[in-house]
Ligand SMILES: N[C@@H](CCC(=O)N[C@@H](CS)C(=O)NCC(=O)O)C(=O)O
């Protein structure tokens, strides 16, 4: 049995959860907050980052690694095509969204989501990077109707949790959603993917976590 560790506000935790649900892999959850100094957590995720999973063979951290493991270990209900090139194209989209969109927008989160601050210089630097990277993303993404084409794949699990964060963070920081401003109309796509049972569970559990009184 897989144990998914983390908590449901984390976009990366929710990506792994959606994959577990889509692939119908039985799992349990262990609530772990970020930056834990607990030895049992650090032994599984040395930087204290979430998510990580526990498997019968031992723990695994880093979302992309976890997703590859799940796909290899549980081949039923595939989220990656069998063809090597098509599979690489799906992973290219996952990496692009994680690395060049979400990770760049992440610099804004302390200011826009957590009541912290970010310097004007950093804000401007992030904006330039996002504008450039979103233009590049437009060359890869298909929305036909899924991000990689006609089938729902791993890249949709990544996009569903990450694109809205990029949109919300840029809207809060710059007064405009930089995805929409660049003509990436991801809202109908979010509605389509949002109709899936896995999406509804992820969203409901995220809301419940956000309503939960602080420990
Ligand atoms: N590269 C990691 C990133 C995961 C990550 O940054 N998780 C956040 C929560 S969404 C976290 O644990 N942040 C705490 C920290 O960076 O110390 C992955 O892909 O799993």
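I'd like the full set of residues that are free of Cβ contacts under 8 Å to residues at least 60 places away in the same chain, in contact with a helix residue (DSSP H, G or I) (Cβ under 9 Å, 6 or more places away or on another chain) and surrounded by fewer than 19 Cβ atoms within 10 Å (Cβ to Cβ), limited to the range 1-26.
Of everything in the range 1-26, those that are free of Cβ contacts under 8 Å to residues at least 60 places away in the same chain, in contact with a helix residue (DSSP H, G or I) (Cβ under 9 Å, 6 or more places away or on another chain) and surrounded by fewer than 19 Cβ atoms within 10 Å (Cβ to Cβ) turn out to be 25, 26.
Answer yes or no: is there a residue in the range 150-160 that is away from the ligand (no atom under 16 Å from the Cβ), within 28 Å of residue 191 (Cβ to Cβ), assigned to a loop (DSSP other than H, G, I, E, B) and more than 18 Å from the chain's Cα centre (by Cα).
Yes: the range 150-160 contains one or more residues that are away from the ligand (no atom under 16 Å from the Cβ), within 28 Å of residue 191 (Cβ to Cβ), assigned to a loop (DSSP other than H, G, I, E, B) and more than 18 Å from the chain's Cα centre (by Cα).
State yes or no: is residue 104 assigned by TED's automatic domain parsing to the domain that holds residue 13 and either part of a helix (DSSP H, G or I) or over 29 Å from residue 192 (Cβ atoms) (or both)?
The answer is no for residue 104.
Find the residue count for the range 60-78, including only residues that are more than 16 Å from the ligand (Cβ to nearest atom) and crowded, with 16+ Cβ neighbours inside 10 Å.
Counting residues in the range 60-78 that are more than 16 Å from the ligand (Cβ to nearest atom) and crowded, with 16+ Cβ neighbours inside 10 Å gives 1.
For the range 135-154, indicate whether the set of residues that are crowded, with 17+ Cβ neighbours inside 10 Å, modelled with pLDDT of 95 or more and touching a strand residue (DSSP E or B) at 6+ places or on another chain (Cβ under 7 Å) is non-empty.
yes
Tally up the residues in the range 13-51 that are more than 11 Å from the ligand (Cβ to nearest atom), assigned to a helix (DSSP H, G or I) and in contact with a strand residue (DSSP E or B) (Cβ under 9 Å, 6 or more places away or on another chain), please.
Residues meeting the conditions: 5.
The values are calculated or read from the model by the stated rules, or taken from the named source; none is laboratory data. Computed from a predicted model, the values in this text were never measured in an experiment. Quick reminder, even Gly has a Cβ in these numbers, built from the backbone with ideal geometry, and neighbours come from all protein chains shown.
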